[in-house]
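Working notes, structure below.
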Protein chains: 2
Amino acid sequence: MSEAPQVAVLGVGLIGGSIGLAAKRRLGAEVVGHSRTASSVERAVALGALDRGAESAAAACEGADLVFCAAPVAVLAEQVRAALAACGADAVVSDVGSTKGELVAACGEDERFIGGHPLAGAETAGVENAREDLFEGARWYLTPTDRSSGLGYDRLQRFLTGLGARPQAIDPASHDRLMATVSHMPHAVANALAAEAAQALTEGSERLPEVGPSFRDATRVAGSNPEIWGDIFASNRDAVADSVESVARRLGEAAELLRAGDREALAAWHAAAGESRRRLLEADAGAGPLRELRVIVANRPGTIAELALALGEAGVNIEDMALYPAPDMTSGAVTLWVAGEAGAARAAELVRGLGHSVSVVGDE
Amino acid sequence: MSEAPQVAVLGVGLIGGSIGLAAKRRLGAEVVGHSRTASSVERAVALGALDRGAESAAAACEGADLVFCAAPVAVLAEQVRAALAACGADAVVSDVGSTKGELVAACGEDERFIGGHPLAGAETAGVENAREDLFEGARWYLTPTDRSSGLGYDRLQRFLTGLGARPQAIDPASHDRLMATVSHMPHAVANALAAEAAQALTEGSERLPEVGPSFRDATRVAGSNPEIWGDIFASNRDAVADSVESVARRLGEAAELLRAGDREALAAWHAAAGESRRRLLEADAGAGPLRELRVIVANRPGTIAELALALGEAGVNIEDMALYPAPDMTSGAVTLWVAGEAGAARAAELVRGLGHSVSVVGDE
């Protein structure tokens, strides 16, 4: 691969467009794209994400050092096979799909194919949202097999690092189990919970009651992007079903614990879950354990801004945030997660300075 | 009850303190408090939430027209019984506990007792967070029984309306099932999910992987306030267990649907869940159906503030918000929920004006 690789992008949305932008601006690559939607290619060229569009996927692959397949999961195998048929013996063909097992089983025989999955970008956003720095610091999973070309893997890995990403090799089954646990299963659970509440609350009730902040949080991803999620669930069905069944078993155990009604045992179970969550989130954060701040605010327009601005100006980053509006939206609570003791203390001081009530969970 | 009622508050934290502040400032009430923690009473007097502290719960109840019991759920029945023993024949004794069935079963024989539950305020916040307007517009459930004094109910209802709240009568069992569905069960599910992920991700893994935004959202309430939640779960054990078992059954069905792998059926199931969630949330919002905006931003300090400020200045209220930081916190996505088509369109315009990418879900 020369210093300026030739790259083909098949499917030009947020991910494909951002690969193009980053490859052109950061690596001086020549990027050719193809999409079933001609207007996406036109927009991508106008945005500088592609040098040009190609008539067909095969034409885009001609002379490419690297091919990225970015079709929806359901038609990805077909697209990868077409790319492999069209491109040269030294090319590397990869993809950006959310599940890997099915695809690698379908296409992994070819030494030029290495599956991939960047943890960045929303599935539905179009090319107009493409950004050069979308992959900056983002994990990019790669699923080479024992048939994959070593030279090809090296080229792909260096290219992705050049885009700003952090590539990491993982076997396809582990990848899919991991995604089932941290992403796909939570979507399934959110669905079950929304359905349960909808049925329970509409039975024999004239109007729907206000729902609580815990319901908002627990169901936030319910039903997002049905077509895409239908595909993801289907292509990772066994790992997601295993994980969902495991959660169902845990809930069965929780129901027994609840019926026994032992306050101390319930408190211990609850505390252990909080500890598990903190440990998992801290793997993400750099500046120390996450601390939770509870702020009570007037929920008029501008309050959240004022609050976030005060923290921002002081260089305190909000790692996670949840708003709990009161039913009439005139007042509410905000929970903020900030990394590190010092960050939390500084944040609390700033929030108090604005006249809001704040408590740091665990402090007294 | 005269125009200036005498009120006793037993247990002086956020809720008790806010009752005192609102009763004094809005209704000119005389408010006497008692707490097992003497310093809370001192702070409440200093903040103007109480006229004075009393030596004992019985002393606080002397001459009171209205008594509010705000002890933790586990000791609430004991506190209500003590208040009923101490106060006069015309007094009304109520409480602010999160569950009602157990308490009403224990104390409902006395015509002076009417259970209550305001949907406002966090359980752990101290009296220093008390606010006169904490209950402004907030639902305040009341659980009168056929033994309850009609005059007492009328007095309590008028008093709560005077605090700014919206009282609503509900039978204790319905209240507890409702709370199980919209609040207690989601906490239990979040716990199960956090425990599942912690076990799945630490088995045979050297380091914890990044968790997804769906995991963050779905587990946000996992493990919060173990002592308080141990009590709530225990005192509403059957309704929560029923609801948790129902969700477990739904997850079992979801696992079957997943294993069948029918993409269209999975997409339809997913879409129905999204529809359920929207319908439930819309019961809360006034200005029309909630619309979802997805924004891609640099996750530097200040970005969220800038965004929220722009919306706030234009009078567009953010009804709900979720941050999805990228693993390294340098970039991320923000999902905003805004009420009404016009609000969503205006918000999208403002966000675009700041140079961020934004899409309104459902628009193309």
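The values are calculated or read from the model by the stated rules, or taken from the named source; none is laboratory data. Note that this is a predicted model, so its numbers are computed, not measured. In this analysis, Cβ positions are derived from the backbone assuming ideal geometry, glycine residues included, and neighbour counts consider all displayed protein chains.
Is it the case that B:SER205 is surrounded by fewer than 22 Cβ atoms within 10 Å (Cβ to Cβ), polar (S, T, N, Q) and at pLDDT 90 or above? No; evaluated as a whole, the condition is false for this residue. Applying the condition of being crowded, with 20+ Cβ neighbours inside 10 Å and not β-branched (Val, Ile, Thr) to segment B:31-53 and asking which residue is nearest to B:GLY137 (Cα to Cα) yields B:ALA49. Under the condition of being closer than 21 Å to A:VAL182 by Cα and of a type in the set (A, V, I, L, M), which residue from segment B:251-271 is farthest from the other protein chains (Cβ to nearest Cβ)? Among those residues, the one meeting the criterion is B:LEU257. The lone criterion from (1) more than 8 Å from every other protein chain (Cβ to nearest Cβ); (2) modelled with pLDDT under 70 left unmet by A:VAL338 is number (2). Screening A:ARG216 with (1) farther than 18 Å from B:GLU196 by Cα; (2) more than 9 Å from every other protein chain (Cβ to nearest Cβ); (3) of a type outside the set (S, T, N, Q) gives one miss only, at (2).
Residues in segment A:178-200 that are more than 7 Å from every other protein chain (Cβ to nearest Cβ) and either surrounded by fewer than 24 Cβ atoms within 10 Å (Cβ to Cβ) or farther than 21 Å from A:VAL240 by Cα (or both): 1 in all. Residues in segment A:67-89 that are closer than 15 Å to A:GLU111 by Cβ and surrounded by 23 or more Cβ atoms within 10 Å (Cβ to Cβ): A:VAL67, A:VAL80, A:ALA83, A:CYS87. When A:GLU282 is tested against (1) in contact with a Gly (Cβ under 7 Å, 6 or more places away or on another chain); (2) not assigned by TED's automatic domain parsing to the domain that holds A:VAL182, only condition (1) is not met. With respect to (1) at positive phi; (2) within 12 Å of chain A (Cβ to nearest Cβ), the lone exception for B:GLU136 is condition (1).
Taking the options B:ALA234, B:ALA222, B:ALA248, B:ALA241, name whichever one is among the hydrophobic types (A, V, I, L, M, F, W, C), at the interface with chain A (Cβ under 7 Å from one of its Cβ atoms), outside any helix (DSSP H, G or I) and under 21 Å from A:ALA273 (Cα atoms).
B:ALA222
The residue of segment B:141-157 that is farthest from A:GLY212 (Cα to Cα), among those that are aliphatic (A, V, I, L, M) and crowded, with 19+ Cβ neighbours inside 10 Å, is B:LEU156.
For A:GLY20, the conditions (1) of a type outside the set (A, V, I, L, M, F, W, C); (2) in a loop (DSSP other than H, G, I, E, B); (3) at negative phi all hold with the exception of (2).
Using the structure shown, decide if A:ASP133 is over 22 Å from A:ARG43 (Cβ atoms) and assigned by TED's automatic domain parsing to the domain that holds A:ALA44. No, not satisfied. Residues in segment B:4-15 that are on the phi < 0 side of the Ramachandran plot and crowded, with 24+ Cβ neighbours inside 10 Å: B:VAL7, B:ALA8, B:VAL9, B:LEU10, B:VAL12, B:GLY13, B:LEU14, B:ILE15. Comparison of A:LEU66, A:LEU50, A:LEU84 shows that the only residue that is over 13 Å from A:VAL12 (Cβ atoms), out of contact with any Leu (no Cβ under 7 Å at 6 or more places or on another chain) and modelled with pLDDT of 95 or more is A:LEU84.
Does B:LEU47 satisfy the condition of being out of contact with any strand residue (DSSP E or B) (no Cβ under 9 Å at 6 or more places or on another chain) and more than 20 Å from B:GLY97 (Cα to Cα)? The answer is yes for B:LEU47.
Going through (1) of a type in the set (Ser, Thr, Tyr); (2) touching a residue at least 60 places away in the same chain (Cβ under 8 Å); (3) surrounded by fewer than 23 Cβ atoms within 10 Å (Cβ to Cβ) one by one, B:SER18 falls short only on (3). Checking B:GLU275, B:GLU253 one by one, the residue that is modelled with pLDDT under 95, among the acidic types (Asp, Glu), assigned to a helix (DSSP H, G or I) and surrounded by fewer than 18 Cβ atoms within 10 Å (Cβ to Cβ) is B:GLU275 and no other. Is it the case that B:LEU151 is modelled with pLDDT under 90 and more than 9 Å from chain A (Cβ to nearest Cβ)? Criteria met by B:LEU151.
One line per residue, one yes/no per condition, for (1) closer than 23 Å to A:ILE170 by Cβ; (2) in contact with a strand residue (DSSP E or B) (Cβ under 7 Å, 6 or more places away or on another chain); (3) not assigned by TED's automatic domain parsing to the domain that holds A:VAL12:
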residue: A:GLU78; (1), (2), (3): no, no, no
residue: A:GLY88; (1), (2), (3): no, no, no
residue: A:GLY97; (1), (2), (3): yes, yes, no
residue: A:VAL104; (1), (2), (3): yes, yes, no
residue: A:GLY108; (1), (2), (3): yes, no, no
